[in-house]
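For reference, the structure is listed below as structure tokens.
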């Protein structure tokens, strides 16, 4: 792929390292440029890096009416060698293509996605926020652009990737456990639907549940499946818990659970790296709650790109009651997983082969 560079004049873009004053929020800032590529007549065309800004879209574009859209989220980090390293972006590229297949969009070659991200990171390397716990959040996405009101897949698409200099997803970062609402009023996805795809409609459908959770003092919702029996997601994260015997359990991936790259990484690292056995099981909600009450389950949390690892200190019910997990704090196994994964991301621990991608100095 030959990328065309249409960059801002040097005087109009960042020329010194980004050193934010005060805590940096998640996902609010943008760097100077973005990557774009168009799909027409059965082929991807004109890969380019251009100044970040609005692009033209017809009012009848399929994405606006029928939500034919997918996206991804990844992170890049500044290592002690002064270079920018992205974490497992090939896996994000593969997941984007699985999402594309699920809603009838064309795949974007994995190698092209990786090349695009690394080229953009190179252009924007001075935007890395020099602040503890910060990263460059990477947001690739694809939208259907054909101007058509027929309910059918678009014939044209736009692939875009931009960067967001970000702090921790939750303001307190890893230091403070979150609470999750347990309710059967809302369901994130159903078998045979789009739950295993990273598409915007899934997140729009979760907004009301999230607002209810916030009113009850919870950060997110612990979703169960459509049968109201098995645990699935923890908001926008994969759920996990740790047993008294030292086993870390992640719900078995189904077609209504989005496979977290962080969860996959934890599974691959396993006991040798994490000091805890990692397994996947179908987890009945009532059995889980009984385990928390009896102390058989001592820790719980969520895995996701934005927060990496979040500890759950308590579960909230709609009647206002709370169920504390263990001591209500951050458990030793949860802390160990967080330290290992973030240590790899930040270059403080040796990574498994192929997990990190260094942005080459090209632009």
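The values are calculated or read from the model by the stated rules, or taken from the named source; none is laboratory data. None of the values given here were measured: they were computed from a predicted structure. Note: ideal-geometry Cβ built from the backbone for every residue, glycine included; neighbour counts use all protein chains shown.
Being in a loop (DSSP other than H, G, I, E, B), in contact (Cβ under 8 Å) with a residue 40 or more places away in the chain, assigned by TED's automatic domain parsing to the domain that holds residue 84 and within 30 Å of residue 361 (Cβ to Cβ), is that true of even one residue in segment 133-152?
yes
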With respect to residue 209, determine if the residue is assigned by TED's automatic domain parsing to the domain that holds residue 282, within 20 Å of residue 67 (Cβ to Cβ), surrounded by fewer than 17 Cβ atoms within 10 Å (Cβ to Cβ) and without any contact (Cβ under 8 Å) to a residue 40 or more places away in the chain.
-> no
Residues of segment 312-350 classified as at negative phi and more than 20 Å from the chain's Cα centre (by Cα), total | 22
When (1) out of contact with any helix residue (DSSP H, G or I) (no Cβ under 7 Å at 6 or more places or on another chain); (2) touching a residue at least 24 places away in the same chain (Cβ under 8 Å) are applied to residue 319, the one that fails is (2)
Test for residue 349: is it outside the structural domain of residue 80 (by TED's automatic domain parsing), in contact with a strand residue (DSSP E or B) (Cβ under 8 Å, 6 or more places away or on another chain), farther than 30 Å from residue 7 by Cβ and exposed (fewer than 15 other Cβ atoms within 10 Å of the Cβ) = no
Mind checking whether some residue in segment 113-136 is within 28 Å of residue 256 (Cα to Cα) and either surrounded by fewer than 19 Cβ atoms within 10 Å (Cβ to Cβ) or at pLDDT below 95 (or both)?
-> yes
What are the residues in segment 1-29 that are in contact with a helix residue (DSSP H, G or I) (Cβ under 9 Å, 6 or more places away or on another chain) and free of Cβ contacts under 8 Å to residues at least 60 places away in the same chain, if any?
-> 13
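Mind listing whichever residues of segment 10-33 are more than 17 Å from residue 49 (Cα to Cα) and surrounded by 10 or more Cβ atoms within 10 Å (Cβ to Cβ)?
Across segment 10-33, the qualifying residues are 17, 18, 20, 23, 24, 25, 26, 27, 28, 29.
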Kindly establish whether residue 296 is crowded, with 22+ Cβ neighbours inside 10 Å, in contact with a strand residue (DSSP E or B) (Cβ under 8 Å, 6 or more places away or on another chain) and touching a residue at least 40 places away in the same chain (Cβ under 8 Å).
-> no
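To keep it simple, each residue is scored yes or no on (1) buried (at least 21 other Cβ atoms within 10 Å of the Cβ); (2) touching a residue at least 12 places away in the same chain (Cβ under 8 Å); (3) touching a helix residue (DSSP H, G or I) at 6+ places or on another chain (Cβ under 6 Å).
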site	(1), (2), (3)
229	no, yes, no
242	yes, yes, yes
250	yes, yes, yes
263	yes, yes, no
267	no, yes, no
280	no, yes, no
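Sort through 309, 221 and tell me the only one that's free of Cβ contacts under 8 Å to residues at least 60 places away in the same chain, under 28 Å from residue 204 (Cα atoms), assigned by TED's automatic domain parsing to the domain that holds residue 177 and touching a helix residue (DSSP H, G or I) at 6+ places or on another chain (Cβ under 6 Å). Outline the logic, then answer.
Numbers: 309 fails: free of Cβ contacts under 8 Å to residues at least 60 places away in the same chain.
Just a single option satisfies the conditions, and that option is 221.
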